[in-house]
Each structure stands twice: as C-alpha cells, then as structure tokens.
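Here is the structure we will look at, set down as structure tokens.
All of the numbers you see were taken from the coordinates with simple rules; none came from a lab. Note that the structure is predicted; figures quoted are calculated from it, not measured. Every residue, glycine among them, receives a Cβ derived from its backbone with ideal geometry; neighbour counts consider all protein chains shown.
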C-alpha cells in the first residue's frame with residue numbers, strides 16, 4: 001500500500017494563495033452583517049492604521065512616490081501589472097485599474113464578492129490618505145469587475 | 001484591493017475586532033462559521049468524495065500556495081494523514097510584523113476550522129499546538145481502527 005510524503009521548504013514556492021481573497025471577503029461580509037456598514041469601515045480603518053503604519057510613515061517622508069510604488073507592488077504580487085496605470089502630476093496620484101484581479105479570481109471559482117468588498121479599495125485608501133495627511137477621492141468603481149479610478153492629492157483645510 | 005499576501009494581518013485584525021466588539025467566544029463562533037462556509041465546501045467535499053485522501057489533495061495545494069515549510073505524510077494502509085508544520089507562513093509573518101500586535105489566539109482558528117468538521121466525516125485527530133509561538137505545529141487525522 002502506498003505511503004506518500006511531501007516535504008517542502010518555504011523557498012520552494014511563491015507565496016500566492018489567491019483563495020485568501022475569498023477569505024478576506026468572507027471576513028468583511030461577516031462584520032458587515034453583524035456590525036453594519038460602519039462596522040466594516042471601522043474594522044478596515046483599524047487594520048489599515050495598524051498594518052500600514054510603515055507605509056504611512058514612508059509616504060510622509062517621500063510623498064506620493066512611496067504610495068505609487070506600494071500600489072504597483074500589489075499588482076506585481078498579484079501578477080496583474082497590466083491592469084494598473086498610475087500617474088503622478090501636480091501633487092496628485094491618479095490610479096486607474098482596468099479590472100480587479102481579485103474579483104476576477106473570486107468569480108472564477110464561483111464566489112460573488114460581498115457588497116462591502118469595495119471598502120478594500122475605498123476605506124483602506126481613504127484611511128492611508130487620511131493618516132498620511134493626503135486627500136482621497138474614489139472617482140468611480142464598477143462592483144462587477146472592480147474597474148476603478150481614484151486619486152490621492154495634497155489636501156488643504 | 002488588498003493583495004492576497006496581506007490577508008494574514010487582515011485576518012488577525014478581524015479576530016481582534018470581533019473580540020473587541022464581543023468576546024473570545026464570538027471569535028470562536030466566527031471560526032465555526034468559516035469552517036462551515038469556506039472549509040466544508042472545499043476540504044469537506046474532498047473528504048466526502050475520496051475519504052482521508054482528500055486531506056492530501058486539500059493541504060498539498062493550500063500549503064504549497066502559502067509557501068509553507070512542511071512535511072505531509074499520507075499513509076494509505078494506516079489511513080492516516082499528518083502535517084508537520086516546521087514553519088507556518090501565517091504565524092511566521094505575524095511574528096515578523098513587529099509594528100503591529102497580532103491576535104493573542106491567532107493559531108486557535110486552525111483547531112476550530114478543521115478537526116470538528118472532519119470528525120463529522122468520521123476522522124479523528126491528534127493536534128499539537130504547544131509550539132505555535134515558534135510557528136510550529138503538528139496535526140494528524142486518522143480513520144479510527146475498529
């Protein structure tokens with residue numbers, strides 16, 4: 001009778017477990033269903049403020065270039081750089097996404113993203129901007145494909 | 001969009017959020033919810049179809065994609081499946097994120113996601129979570145001998 005053994009070291013594989021997009025969405029949905037829209041925003045604000053504190057410090061030091069590099073790195077990790085266009089002009093970073101690779105993956109395995117999935121873009125970026133003393137505007141977002149445009153800009157009070 | 005590689009800290013913050021809103025029991029209810037909503041349609045269906053061999057199919061895919069440091073053994077004759085996690089990429093990542101505090105019972109989710117579900121499919125388990133602070137654990141599922 002067969003005995004199978006698989007022995008792997010971390011360096012043997014690329015870290016890219018796309019099912020985590022589904023797991024992340026299920027978590028957001030759970031919060032939304034129990035704690036409402038503001039609960040989702042509160043949860044993601046806490047996550048962003050905590051997890052992205054080094055990024056926020058980098059943006060404060062180096063400006064929009066640091067944010068541009070961060071966003072580009074996300075799409076490189078997701079092997080989807082071709083869907084992203086970033087433009088820095090006149091103290092503004094414009095981000096254009098032709099389709100969201102996470103939404104495409106989730107749909108490909110039969111998972112429809114929850115109505116709160118947009119907050120991974122809106123609330124997360126809004127919070128990064130706010131903590132880095134920048135303005136943020138979500139110009140448009142297609143919930144079916146994740147096609148989106150948003151901008152970060154120097155804000156004045 | 002967050003990258004799927006950023007899920008682990010998002011997950012850890014979710015547990016913290018739920019506990020902050022309620023208590024640890026509410027976090028456990030979330031894990032039970034995920035076991036039903038996410039794990040059962042994947043691992044549960046494989047075990048339903050292929051028996052304990054379904055564990056091999058599920059974890060060899062997941063742990064390779066998660067770039068884990070592991071040894072998995074499936075003994076068809078003994079009907080045993082074992083994972084020795086030499087270095088869990090999730091807990092390992094959280095240990096490295098020194099700028100944020102991870103959930104105090106992060107590794108607790110594994111005990112609630114898998115063993116109770118697989119018991120419904122007739123598999124017993126032995127788990128060792130005594131070294132999770134070092135991102136190490138062991139879990140064995142087996143068909144009980146009659």
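For this structure, a couple of remarks:
- Helix-only [θ]222 nm of chain A, DSSP H runs n ≥ 4, -39500 (n - 2.57) each, per residue, nearest 500: -15500 deg cm²/dmol
- One compactness figure for region A:24-157 is 1.04, namely its Cα radius of gyration divided by 2.2 N^0.38 Å.
- Ranked B:63, A:26, criterion: other C-beta atoms within 10 Å, fewest first: A:26, B:63
- Each of B:85, B:100 was scored by other Cβ atoms within 10 Å of its Cβ. Listed from fewest to most, they are B:100, B:85.
- For the residues of A:37-47, the average number of beta carbons from a partner chain within 10 Å of their own beta carbon is 3.
- Computed over the alpha-carbon atoms, region A:19-97 gives an Rg to Rh ratio of 1.04, Rh here being the Kirkwood radius from the mean inverse distance.
- Fraction of the pair-distance distribution of region A:32-78 above 12 Å, Cα-Cα pairs, percent: 69 percent
- In this simple spin-label model, placing a label point 7 Å from the Cα along the Cα-to-Cβ direction at both residue B:57 and residue A:157 gives a separation of 5.8 nm.
- For residue A:92 and residue A:57, the FRET efficiency from 1/(1 + (r/R0)^6), where r spans their Cβ atoms and R0 equals 22 Å, is about 0.55.
- Fewest-first ranking of B:59, B:31, using other Cβ atoms within 10 Å as the exposure measure: B:31, B:59
- The long axis of helix B:53-65 is offset from the longest Cα principal axis of chain B by roughly 30 degrees.
- Euclidean distance between Cα centres, region B:115-146 to region B:20-41, Å: 18 Å
- Cα-based convex hull, the protein assembly as shown, per residue volume (Å³, whole number): 137 Å³
- Distance histogram for region B:15-82 (every C-alpha pair counted, 10 angstrom bins, percent rounded to whole numbers): 19, 34, 30, 15, 1
- Cα convex hull of region B:4-142 - mean projected area over all directions, nm²: 8.2 nm²
- For chain B, the mean residue ellipticity at 222 nm estimated from helices alone is -12500 deg cm²/dmol, where every DSSP H run of n ≥ 4 contributes -39500 (n - 2.57) and the total is divided by all residues, rounded to the nearest 500.
- Between A:139, A:103, A:118, the residue with the greatest mean-square fluctuation in the GNM of chain A (Cα pairs under 10 Å linked by springs) is A:139.
- Mean Cβ count within 10 Å, highest first, over the residues of peptides A:31-37, A:92-98: A:92-98, A:31-37
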